[in-house]
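The structure appears right after this line, and notes come after that.
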Amino acid sequence: MENNYPYLTNQVYIYDNDFISLLSLIKTLLKNKIRPYKIEGKEYNPSLFENIINIKVENNSNILRELKNIFGKENMQIIYYVYSSCENNKELVIYYYLLNYFKFKDNLIRMRNLRCVSEALRIKEKVAREAHKFKGFLRFKELKSESLYAEINPDNDILFILAKHFQKRLKEFNWVIKDVNRKTYAIYFSQKLYFANEEKINLKNVEFSKEEESYEDMWKEFYNIIGITLRKNDRCRMNFMPKKYWQYLIEMEDER
C-alpha cells in the first residue's frame, strides 16, 4: 500500500506504540508539512535503505480533545478503529486521512475515491464487525471473589471497545476481560475502568466459584434444548459463528 502514497524520502518515523504517541507524532508531521515514507512502532526493524527518525514530539495529554475539536467526533472514531486494527501501514492511512481533512473538511468521509478514505472506512468496518461479534460471543465466568472473568482472542485490538460496551451493560458488577493474544487486561472495579498489561497484573491462577460449574451446565442444557435437532445445519451455523470464536464459548465445549 505504501507505494500508492506520495513520499519524499526513505525516512521512517517512530512512535511509542500507543494511540496518543501516534497522534502527537502525526500532529508534528502535519505542522511541519512532512510527508513520511513510513510511520512505525518502536520495535520496527528497518531495511538497508531506510533511515529511522526519532523526532521529539510534544507530550500533550489533551491532544485527543484538541484533535476532536479540529476533526470532529466521527473522524476521530474512524481513525481510532483504524489504529485498533492489525492492518499493515495503518499509521499512514491515519496520517493521510487527517491530511486530506484540511482540504475536504466534513466532506472527507464521502470522498471514497481517495485511497486513504476508502481504506480507512474499510478497516473501520472490519474492526467494528469483529467487536460486534465479540459483544455477543464473549462469555463471563464467576470467580471465587464473585467478580466476572472472560478471555478473548481477537485479530484486532478491540479490548478498549469491548470494555466501554460492558462498562455500560455490566456496571453493577466487577469484571475482568483478558486479551490472550496481547496479554492485556480491562478491569472494571468499583465502577471504574482500568487497563493493564500482564507485567503489571498477576492473574495467572484464576480460580472460579463453586457455582460456576452449575451455571455452565445449565447454560449448556438451555442451549441444547432450544436447538432443533432435525434442522441442525453446521455450515449455516459457522457462517454466523465461525470456529475461531468457539474457543471460549461455554456451549461449544463438547463440540471442541
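List pairs: first residue in segment 1-24 and at pLDDT below 90, second residue surrounded by 12 or more Cβ atoms within 10 Å (Cβ to Cβ) and among the charged types (D, E, K, R) anywhere in the structure, Cβ distance under 6 angstrom, at least six positions apart or on different chains.
Listed by first residue and then by second, the contacts come to Asn4/Arg115; Tyr7/Arg35; Leu8/Arg35; Asn10/Glu50.
Please determine whether any residue of segment 184-194 is of a type outside the set (S, T, N, Q) and part of a loop (DSSP other than H, G, I, E, B). Talk me through it step by step, then tell me what you get.
Step one: list which residues in segment 184-194 are of a type outside the set (S, T, N, Q), which gives 185-189, 192-194.
Restricting the remaining residues to those that are part of a loop (DSSP other than H, G, I, E, B) gives none.
Taking every residue of segment 184-194 in turn, none turns out to be of a type outside the set (S, T, N, Q) and part of a loop (DSSP other than H, G, I, E, B).
When the residues of segment 108-130 are narrowed to those that are surrounded by fewer than 20 Cβ atoms within 10 Å (Cβ to Cβ) and among the hydrophobic types (A, V, I, L, M, F, W, C), which ends up nearest to Asn197 (Cα to Cα)?
So the residue we want is Ala128.
Filter segment 201-256 down to residues that are part of a loop (DSSP other than H, G, I, E, B), polar (S, T, N, Q) and surrounded by fewer than 10 Cβ atoms within 10 Å (Cβ to Cβ) and give me whichever is nearest to the chain's Cα centre (by Cα).
First, the residues of segment 201-256 that are part of a loop (DSSP other than H, G, I, E, B): 201-207, 209-211, 227-228, 232-233, 241-242, 249, 253-256.
In the following step, the residues that additionally are polar (S, T, N, Q) were identified as 202, 205, 209, 233.
Among the residues that remain, those that are also surrounded by fewer than 10 Cβ atoms within 10 Å (Cβ to Cβ) are: 202, 205, 233.
Details: Asn202: 22, Asn205: 26, Asn233: 32 Å.
Among those that are part of a loop (DSSP other than H, G, I, E, B), polar (S, T, N, Q) and surrounded by fewer than 10 Cβ atoms within 10 Å (Cβ to Cβ), it is Asn202.
Taking Ala163 as meeting all but one of (1) hydrophobic (A, V, I, L, M, F, W, C); (2) more than 15 Å from Tyr185 (Cβ to Cβ); (3) buried (at least 17 other Cβ atoms within 10 Å of the Cβ); (4) within 17 Å of the chain's Cα centre (by Cα), write down the number of the exception.
The failed condition is (2).
Of all residues in segment 23-67, which are more than 16 Å from Asn89 (Cα to Cα), among the basic types (Lys, Arg) and over 24 Å from the mean Cα position of the chain (by Cα)?
Those that are more than 16 Å from Asn89 (Cα to Cα), among the basic types (Lys, Arg) and over 24 Å from the mean Cα position of the chain (by Cα): Lys31, Lys33, Lys56.
Kindly provide the set of residues from segment 21-54 that are surrounded by fewer than 13 Cβ atoms within 10 Å (Cβ to Cβ) and assigned to a strand (DSSP E or B), ordered by number. Walk me through it before giving the result.
First, the residues of segment 21-54 that are surrounded by fewer than 13 Cβ atoms within 10 Å (Cβ to Cβ): 31-33, 42-43, 45, 47-49, 51, 54.
Answer for segment 21-54, where residues must be surrounded by fewer than 13 Cβ atoms within 10 Å (Cβ to Cβ) and assigned to a strand (DSSP E or B): just Asn51.
Would you please list the contacts, defined by Cβ atoms under 7 Å and residues six or more apart or on different chains, that run from a residue in segment 31-52 that is in contact (Cβ under 8 Å) with a residue 40 or more places away in the chain and closer than 11 Å to Asn10 by Cα to a residue that is polar (S, T, N, Q) and part of a loop (DSSP other than H, G, I, E, B)?
Glu50/Asn10; Asn51/Asn10
Exactly one of these conditions fails for Glu142: (1) under 30 Å from Lys33 (Cβ atoms); (2) among the acidic types (Asp, Glu); (3) surrounded by 17 or more Cβ atoms within 10 Å (Cβ to Cβ). Give me its number.
(1)
Go over the candidates Asn113, Asn89, Asn107, Asn75 one by one and state the one that is at positive phi and out of contact with any Ser or Thr (no Cβ under 8 Å at 6 or more places or on another chain).
Details: Asn113 fails: at positive phi; Asn107 fails: at positive phi; Asn75 fails: at positive phi.
Answer to the selection: Asn89.
When you look at Ile79, is it among the hydrophobic types (A, V, I, L, M, F, W, C), part of a helix (DSSP H, G or I), out of contact with any Asp or Glu (no Cβ under 7 Å at 6 or more places or on another chain) and touching a residue at least 60 places away in the same chain (Cβ under 8 Å), yes or no?
Working: among the hydrophobic types (A, V, I, L, M, F, W, C): yes; part of a helix (DSSP H, G or I): yes; out of contact with any Asp or Glu (no Cβ under 7 Å at 6 or more places or on another chain): yes; touching a residue at least 60 places away in the same chain (Cβ under 8 Å): no.
When the stated conditions are applied, Ile79 does not pass them.
The values are calculated or read from the model by the stated rules, or taken from the named source; none is laboratory data. These numbers were taken from a predicted model, which means no experiment stands behind them. Every residue, glycine as well, gets a Cβ built from its backbone with ideal geometry; the counts of neighbours run over all protein chains shown.
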